[in-house]
1. Restricting to segment 9-33, count the residues that are out of contact with any Phe, Trp or Tyr (no Cβ under 8 Å at 6 or more places or on another chain), closer than 19 Å to Ile44 by Cβ and part of a helix (DSSP H, G or I).
2. Pairs only if they're at least six apart or on different chains, beta carbon under 6 angstrom, first in segment 55-71 and more than 17 Å from Asp27 (Cβ to Cβ) and without any contact (Cβ under 8 Å) to a residue 60 or more places away in the chain, second within 16 Å of the ligand (Cβ to nearest atom) and assigned to a strand (DSSP E or B); list them, first residue then second.
3. Looking at (1) closer than 15 Å to Ile9 by Cα; (2) surrounded by 15 or more Cβ atoms within 10 Å (Cβ to Cβ), find the lone condition where Thr88 falls short.
4. Take Leu82 and decide whether it is out of contact with any His (no Cβ under 8 Å at 6 or more places or on another chain) and part of a strand (DSSP E or B).
5. Return the residue satisfying two criteria in turn: it lies in segment 74-100 and is touching a helix residue (DSSP H, G or I) at 6+ places or on another chain (Cβ under 6 Å) and more than 18 Å from Pro26 (Cα to Cα), and of such residues it is nearest to the ligand (Cβ to nearest atom).
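The values are calculated or read from the model by the stated rules, or taken from the named source; none is laboratory data. All values derive from a computational prediction rather than experimental measurement. Every residue, glycine as well, gets a Cβ built from its backbone with ideal geometry; the counts of neighbours run over all protein chains shown.
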Amino acid sequence: MGDEFKIFIRRLTGGKQEDIEERLAPDFIDPQDPEIIFEGLVEIKGVAELAGETLVLRLKVDVVVTLSCAVCCERVKLPLHLASFCHTEESEGLRSGVFDFCEPLREAILLELPMRAECNQERCPHRAHLSPFLIGESYGCTT
Ligand SMILES: [Zn+2]
């Protein structure tokens, strides 16, 4: 992992903002689930600044993820958009002078994942074949 996620605090002293604009390979997200695959690049845009002793990071994040349809197990492609990821870090965490936002960003992206996905804009054509008794239970992918 390189410096893509590092904020150098001394660059922000005196009220300076740092623009963040990155397009990064999604490997860092590492969802630890083979059903969840991030595609293309993660687009990150935003600013970092100091508010007193606190580092404030505000980012917009876009990435495409593919999941398995909960009904038929087809792959479903979903754009994820974090409109306002905000992270603050108190000065104790900043003694090294560098803050690495990889981990908080990774967590925010994983939190944005839907609990379940369905193909065909949430209207899986196979849903009709399911017994109504199954709806609401844990049906579908057992891989
Ligand atoms: Zn489906």
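1. Total meeting the criteria: 3.
2. Leu67/Val76; Leu67/Ala117
3. For Thr88, the exception is condition (2).
4. In short, yes.
5. Step by step, filter segment 74-100, then rank; the result is Glu74.
A quick yes/no check of all residues on (1) of a type in the set (A, V, I, L, M); (2) modelled with pLDDT of 95 or more:
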site	(1), (2)
Asp30	no, no
Glu43	no, yes
Gly46	no, yes
Ala51	yes, no
Lys60	no, yes
Cys73	no, no
Cys86	no, yes
Glu89	no, no
